[in-house]
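All remarks here apply to the structure that follows.
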Amino acid sequence: MSRFPIIEEDQVSDPKVHEIYKQIKAELGFGMVPNIFKSMASFPDFLEANWIQFRGTILKGHLPRTLKEMVGIAISQANESQYALNVHLHGLSALGISEEVLRLLVADFPNCPLPEREKSVISFGLKAATQPLKLEETDFQHLRDMGLDESEIFEIVATANLFTGINQYTDSIDLEIDSL
């Protein structure tokens, strides 16, 4: 059970929270507000800041949302963080990623049938999240050689930062996985 209350839509009294919930439902594309955001609703400014970061990192930019969520899955698996791992696996499935790809993404990444460019992005994002001081210029150059530009590489680092924080937050409060 979460260490902070999960504020359901019908319990929201703050107009700022109501508006943010409305945005989340519309922009995530699933017609629901995930528990991570519901757990922040008692602190509207914190909810707003985290929604803005999530939206700007995952829903905007040049890299596909699905690829950024795959980076998040790799980071969450490495951190043994069940909330983001399960929620984003479900989300990717709903976005059309095959069950085979998702299964191999977590069980046998080297044999996952993704293009080499996508595998390089995921590997870089995982390293940025779990071993940032071991990133070298060769890691960045490899991405450039795969056709990524500086803004796309920045998006990978921002995604690694976001999921590191998500994992820390959801694990710290023992956030329950959404009923999906």
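The values are calculated or read from the model by the stated rules, or taken from the named source; none is laboratory data. This is a predicted model, so every value here is computed, not measured. Neighbour counts run over all protein chains shown; Cβ positions are idealised from the backbone, glycine included.
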**Q.** Residue tally, condition hydrophobic (A, V, I, L, M, F, W, C), in contact (Cβ under 8 Å) with a residue 40 or more places away in the chain and over 26 Å from Lys60 (Cα atoms), over the range 1-44
**A.** 3
Q. Looking only at residues in the range 107-122 that are without any contact (Cβ under 8 Å) to a residue 24 or more places away in the chain, surrounded by 10 or more Cβ atoms within 10 Å (Cβ to Cβ) and part of a helix (DSSP H, G or I), which one is farthest from the chain's Cα centre (by Cα)?
A. Ala107
(Q) Residue under question is Gly147, and the condition is that it be under 16 Å from the mean Cα position of the chain (by Cα) and either outside any helix (DSSP H, G or I) or within 30 Å of Pro5 (Cα to Cα) (or both); does it hold? (A) no
**Q.** Members of the range 132-175 found to be among the β-branched types (Val, Ile, Thr) and either within 17 Å of Glu69 (Cα to Cα) or loosely packed, with under 15 Cβ neighbours inside 10 Å (or both), listed by number
**A.** Thr138, Ile153, Ile156, Val157, Thr159, Thr164, Ile166, Thr170
Q. Within the range 66-79, is there a residue that is assigned to a helix (DSSP H, G or I), over 25 Å from Ile173 (Cβ atoms) and either among the small types (Gly, Ala, Ser) or out of contact with any strand residue (DSSP E or B) (no Cβ under 8 Å at 6 or more places or on another chain) (or both)?
A. yes
Q.
Looking only at the range 1-48, filter to residues that are modelled with pLDDT of 95 or more, among the small types (Gly, Ala, Ser) and within 21 Å of Ile177 (Cβ to Cβ); which one of those is surrounded by the fewest Cβ atoms within 10 Å (Cβ to Cβ)?
A. Ser42
Q) Here are Leu85, Leu104: which of them is out of contact with any Ser or Thr (no Cβ under 9 Å at 6 or more places or on another chain) and assigned to a helix (DSSP H, G or I)? A) Leu104
(Q) If I ask for residues that are touching a Leu at 6+ places or on another chain (Cβ under 8 Å) and under 11 Å from Thr164 (Cα atoms), which ones from the range 114-135 would you list? (A) Ala128
Q. Do any residues in the range 57-85 that are surrounded by fewer than 16 Cβ atoms within 10 Å (Cβ to Cβ) have Cβ atoms under 7 Å from those of residues that are of a type in the set (D, E, K, R) and in a helix (DSSP H, G or I), where the two are at least six apart or on different chains, and which pairs are they?
A. Leu59/Glu27; Leu59/Arg65; His62/Glu152; His62/Glu155
Q. Can you tell which of Phe163, Phe140 is at pLDDT 95 or above and either in a loop (DSSP other than H, G, I, E, B) or under 12 Å from the mean Cα position of the chain (by Cα) (or both)?
A. Phe163
Q | Tabulated pairs, the range 127-147, first without any contact (Cβ under 8 Å) to a residue 12 or more places away in the chain, second among the basic types (Lys, Arg) and in a helix (DSSP H, G or I), C-beta under 8 angstrom, 6+ apart or interchain | A | Lys134/Lys127; Leu135/Lys127
